[in-house]
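The values are calculated or read from the model by the stated rules, or taken from the named source; none is laboratory data. As the structure is a prediction and not an experimental result, all values here were calculated from the model. Here Cβ is always computed from backbone atoms with ideal geometry, including for glycine, and neighbour counts include all displayed protein chains.
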Amino acid sequence: MMDKTGFLIDLEKDLKKYGVSNSDDYIEYYSEYLDDLIENGMSSEAAVNSVGGVKKILLNILSDEKVKIPKVKNRLQRIILLSASFPIWGPIVAALYIIALAIVFSLIICALAFMAAGLWTFLGSFIVIFKIGFTYALLQFGISLILLGLGILFEQFLIGFSGAIYNLNRSLFKKFSSRGIEA
Amino acid sequence: MNAQLKKGLLDICILSELERKESYGYAIINDLAPLIEISESTLYPILKRLLAKGAITSQSRIHNNRVRKYYQITDIGKAEVNTFINEWGQVERIFQFIKGENYDG
Amino acid sequence: MSLLKFNSKMLVLALVILVVGAVLMVIALSLLNFDINEILSHFGTWYAPINLH
């Protein structure tokens, strides 16, 4: 069951997705209508239910708005254009991916190296206390903390960067794959 | 009711509802409910069409801490209702013809 | 706060560890009375048996 806010958010998202330019007008209209239903004693969920759900409204609006959903012919044309120009964009895309992979790889190496060095000096500093002396151990402990801090920083950069790349890939894939309306 | 017939009547029904008093989406649907069934998704395109034609105007006002859009009929809208009423004679003749009674051409 | 998610808390923690480490290192270095000039002028060769002079 969906409440009013969820309904409006979903509807707006779908309207934007299908390029309905005056989506705000629809949101305004349905928001007012649902508020009126609720004001007259319906629950938020029942009001959404009586309107019939996001998909039904969406189909209604799309059929009324004459929204352009890419036709098969256009799509074919686009695919042909895309493959004909592959020699141009192919190497660029490949280069970008290689650069991204190289960055990810170097981040992994940096994170691992700093972490390992940090842990090693960290553990070593406890041995130094007994073998050499407190101040020397303190020096090594400080250095180990610097290394560990750098290790965590690089590890976080690695995760942030690879997450961003993943999301970019996903949105690119979504953009270029076909979409349909599930009623 | 036949969908095509209903489609033609809806605009006029909404106009004459607004001729009695200004109104808003929910109230229009409710007031017309005993007469003719309109769903909220059919109402909006009609209102938009009537607004584009200039047959009605709209005004947003605050109601219970939220905005509500009230619609008012214009002279163009009133003229449209009158035209429909004046055409009724012809509709009645068609009705008689369909029923097969006293058709006098 | 998780190591496996990119989050500002983890970044702040890393920076705090780094700064604390740097402060400790500076303190220990000053306590040990290394001759910094000597170290710098030998480009780090103070710990290795290489004589640049």
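Taking region C:14-29 as the range and being under 15 Å from A:Leu153 (Cβ atoms) and more than 7 Å from chain A (Cβ to nearest Cβ) as the test, the residues that pass are C:Val16, C:Val19. The sole residue among A:Gly133, A:Gly90 that is surrounded by fewer than 17 Cβ atoms within 10 Å (Cβ to Cβ), within 30 Å of C:Asn33 (Cβ to Cβ) and at pLDDT below 95 is A:Gly133. Restricting attention to region A:93-146, the residues that are touching a residue at least 60 places away in the same chain (Cβ under 8 Å) and not β-branched (Val, Ile, Thr) total 1.
One residue is enough: does region A:75-91 have a residue meeting the conditions closer than 30 Å to A:Leu147 by Cα, small (Gly, Ala, Ser) and away from chain B (no Cβ under 14 Å)? Within region A:75-91 (the criterion being closer than 30 Å to A:Leu147 by Cα, small (Gly, Ala, Ser) and away from chain B (no Cβ under 14 Å)), the answer is no, since none of the residues qualifies. Please find, within region A:100-144, the residue that is nearest to C:Val19 (Cα to Cα) out of those that are within 13 Å of chain C (Cβ to nearest Cβ), β-branched (Val, Ile, Thr) and in contact with a helix residue (DSSP H, G or I) (Cβ under 8 Å, 6 or more places away or on another chain). Across region A:100-144, the extreme among qualifying residues is A:Ile143.
Among the candidates A:Gly118, A:Gly160, the residue that is over 30 Å from A:Lys55 (Cβ atoms) and touching a Gly at 6+ places or on another chain (Cβ under 9 Å) is uniquely A:Gly118. For the subset of region B:50-69 comprising residues that are more than 9 Å from chain A (Cβ to nearest Cβ), outside any strand (DSSP E or B) and loosely packed, with under 13 Cβ neighbours inside 10 Å, which member is modelled with the lowest pLDDT? The extreme case among them is B:Asn65. Here B:Lys21 meets the list (1) farther than 17 Å from A:Ser31 by Cα; (2) in contact with a helix residue (DSSP H, G or I) (Cβ under 7 Å, 6 or more places away or on another chain) almost entirely, failing just condition (2). Whether any residue in region B:9-32 is modelled with pLDDT under 85 and surrounded by fewer than 14 Cβ atoms within 10 Å (Cβ to Cβ) is what I want to check. No, because not a single residue in region B:9-32 is modelled with pLDDT under 85 and surrounded by fewer than 14 Cβ atoms within 10 Å (Cβ to Cβ).
Can you name every residue in region B:1-23 that is outside any helix (DSSP H, G or I) and either touching a residue at least 60 places away in the same chain (Cβ under 8 Å) or within 11 Å of B:Glu37 (Cα to Cα) (or both)?
B:Met1, the sole residue that qualifies.
Report yes if B:Leu43 is in contact (Cβ under 8 Å) with a residue 40 or more places away in the chain, surrounded by 12 or more Cβ atoms within 10 Å (Cβ to Cβ) and either touching a Leu at 6+ places or on another chain (Cβ under 9 Å) or closer than 25 Å to A:Asn49 by Cα (or both), otherwise no. Against the criterion (in contact (Cβ under 8 Å) with a residue 40 or more places away in the chain, surrounded by 12 or more Cβ atoms within 10 Å (Cβ to Cβ) and either touching a Leu at 6+ places or on another chain (Cβ under 9 Å) or closer than 25 Å to A:Asn49 by Cα (or both)), B:Leu43 does not qualify. Has region A:86-97 got at least one residue that is touching an Asp or Glu at 6+ places or on another chain (Cβ under 6 Å) and among the aliphatic types (A, V, I, L, M)? No: region A:86-97 contains no residue that is touching an Asp or Glu at 6+ places or on another chain (Cβ under 6 Å) and among the aliphatic types (A, V, I, L, M).
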